[in-house]
Amino acid sequence: MSAYLVTGATGFVGGALTLELLEQTRAPIHLLVRGSAAEATDRCLSVLRVAAELYGRGADFIDLHRGRLHVHAGDLACDVVAGQLAAHEITDVWHCAASLKFEDRSRLEIFAVNVDGTTRLLDLAEQLGIERFNYISTAYVAGSMMGRISESPAPTDTTPNNQYELSKRIAESHVLQRDSMHARIWRPSIVVGHSTTFAAVSAAGLYGLIQDACRFRRRVGAIFGPKFVMRQRRMMADPAAQINLVPVDLLARQAVSLSLHPTFDARIVHLTNGSAPVMRDLMSIMSAMTGIPEPEYVGSTTGFTPIEQRFHRTMQFYAPHVVGTKAFAQDVAQRYGAAIDFPMSPDHLHSMIAWYLDHTGLTREVGVA
């Protein structure tokens, strides 16, 4: 019988994946969580209960499956944790824990978590005789590449856009070098809220962009007044660029379903959306809902005003995603009949953003319906 080890279960993707493993399997699931034993267990189960209820699984979903969830407090450098896990005959690892920071100033922390942490878990997996190692990476290891992106190792001659992408690329290479177990790389695109409830337990990705836009609006308004905020400004972006948003429940369901397929043998899989919205549509709705005029799209920053330059710096993490289209291949999922194809209508995008604004209290701040 299978048994799972999941890291990052208190995170956005890791939490959704844990819920999906509970739904699709009957196996015990071991969750590695930082902190003391009592604190780690309470925190982890609390986060999972919230996620289960937000995602429409019911307030009692976690309690119904509580007997299969085993929380282990500690980190990958702890010999005690390794000893505890050795007694449970774990067959599969899902490594979801990661640092989402991206700035150069955070490089040491990013690499300590995303590269060194992955290496330690690989060593532990080999020590435990793990059969399958599943690594949650990012589709954006493609870096500066545009056009069709294949499900293959990232070319070494492409330039990463930030330290996060670089760390994930290096970690992928470490995973693929291990031949003592079946190594799989899962590459989500920009993860957003649940496909039907719109809920998200995250402030990263698209939600970080919304937060930054609201913060920019607040700061500029405080200095120059509300009329100044309402002036249209330029933004370096391609209005036709696809913004590959994928609902968290759909990517978790696809990953677990594919991993359980009896003939599944792929090493790299895109967890992406075949019907991604475009920049113009997304920004039109987001602008209306945050009270910031939709920008004029331009191809360079030449001639930007100081305010436009400041906004461009605010957007530095998101800018590489909006200057052109990355068309992520879904060859593996299509081969197994499980590719995600989820068109996001204007109403869906509106509801998704509205949920986040309401949940964070930003609706009162922006004052826009």
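Considering the stretch 124-141, the residues that are charged (D, E, K, R) and not in a helix (DSSP H, G or I) include one that is surrounded by the fewest Cβ atoms within 10 Å (Cβ to Cβ), namely Glu131. Just one of the listed residues (Ala171, Ala200, Ala213) is in contact with a helix residue (DSSP H, G or I) (Cβ under 7 Å, 6 or more places away or on another chain), buried (at least 21 other Cβ atoms within 10 Å of the Cβ), assigned to a loop (DSSP other than H, G, I, E, B) and not hydroxyl-bearing (Ser, Thr, Tyr), namely Ala200.
Just so you know, in the stretch 314-329 the residues that are at pLDDT 85 or above and assigned to a helix (DSSP H, G or I) include one that is farthest from the chain's Cα centre (by Cα), and it is Val322.
Here Ile223, Ile185, Ile243 are screened, and the one residue that is in contact with a His (Cβ under 7 Å, 6 or more places away or on another chain) and either of a type in the set (A, V, I, L, M) or farther than 27 Å from Cys44 by Cα (or both) is Ile243.
Among all residues of the stretch 132-143, there is none that is of a type in the set (A, V, I, L, M), touching a Leu at 6+ places or on another chain (Cβ under 7 Å) and within 27 Å of Ser2 (Cα to Cα).
Output the number of the condition that Thr10 fails; it satisfies all remaining conditions of (1) touching a His at 6+ places or on another chain (Cβ under 9 Å); (2) surrounded by 22 or more Cβ atoms within 10 Å (Cβ to Cβ); (3) part of a loop (DSSP other than H, G, I, E, B); (4) not charged (D, E, K, R). Checking Thr10 against (1) touching a His at 6+ places or on another chain (Cβ under 9 Å); (2) surrounded by 22 or more Cβ atoms within 10 Å (Cβ to Cβ); (3) part of a loop (DSSP other than H, G, I, E, B); (4) not charged (D, E, K, R), the one that fails is (1). Residues in the stretch 290-315 that are of a type in the set (A, V, I, L, M, F, W, C) and out of contact with any His (no Cβ under 7 Å at 6 or more places or on another chain): Ile292, Val298, Ile307, Phe311, Met315.
In the set Arg43, Arg57, Arg49, Arg26, only one residue is in a loop (DSSP other than H, G, I, E, B), surrounded by 14 or more Cβ atoms within 10 Å (Cβ to Cβ), more than 19 Å from the chain's Cα centre (by Cα) and without any contact (Cβ under 8 Å) to a residue 60 or more places away in the chain; that residue is Arg57.
Where residues in the stretch 97-123 are among the aliphatic types (A, V, I, L, M) and either outside any helix (DSSP H, G or I) or in contact with a Lys or Arg (Cβ under 7 Å, 6 or more places away or on another chain) (or both), which of them is nearest to Val6 (Cα to Cα)? So that I can check it myself, show each step before the final result.
Of the stretch 97-123, the ones among the aliphatic types (A, V, I, L, M) are 97-98, 100, 108, 110, 112-113, 115, 121-122.
Keeping just the survivors that are either outside any helix (DSSP H, G or I) or in contact with a Lys or Arg (Cβ under 7 Å, 6 or more places away or on another chain) (or both) gives 97-98, 100, 110, 122.
On the way: Ala97: 9, Ala98: 12, Leu100: 18, Ile110: 20, Leu122: 13 Å.
By that ranking, first place goes to Ala97.
Scanning the stretch 295-313 for residues that are more than 27 Å from the chain's Cα centre (by Cα) and closer than 27 Å to Arg105 by Cα yields Ser300, Thr301, Thr302, Phe304, Thr305, Pro306, Ile307, Glu308, Gln309. Taking every residue in the stretch 269-296 that is in the same structural domain as Arg233 (by TED's automatic domain parsing) and pairing it with any residue that is among the hydroxyl-bearing types (Ser, Thr, Tyr) and surrounded by fewer than 20 Cβ atoms within 10 Å (Cβ to Cβ), at least 6 positions away or on another chain, the pairs with Cβ-Cβ distances below 7 Å are Pro293/Ser287; Glu294/Ser284; Glu294/Ser287.
One residue alone among Met236, Met230 is at pLDDT below 95, surrounded by fewer than 17 Cβ atoms within 10 Å (Cβ to Cβ) and either among the charged types (D, E, K, R) or more than 20 Å from Arg184 (Cβ to Cβ) (or both), and that residue is Met230. Within the stretch 260-284, the set of residues being surrounded by fewer than 20 Cβ atoms within 10 Å (Cβ to Cβ) and assigned to a helix (DSSP H, G or I) comprises Leu260, Arg280, Asp281, Ser284.
The values are calculated or read from the model by the stated rules, or taken from the named source; none is laboratory data. Computed from a predicted structure; not experimentally measured. Ideal geometry is used to build each Cβ from the backbone, glycine not excepted, and the neighbour counts take in all protein chains shown.
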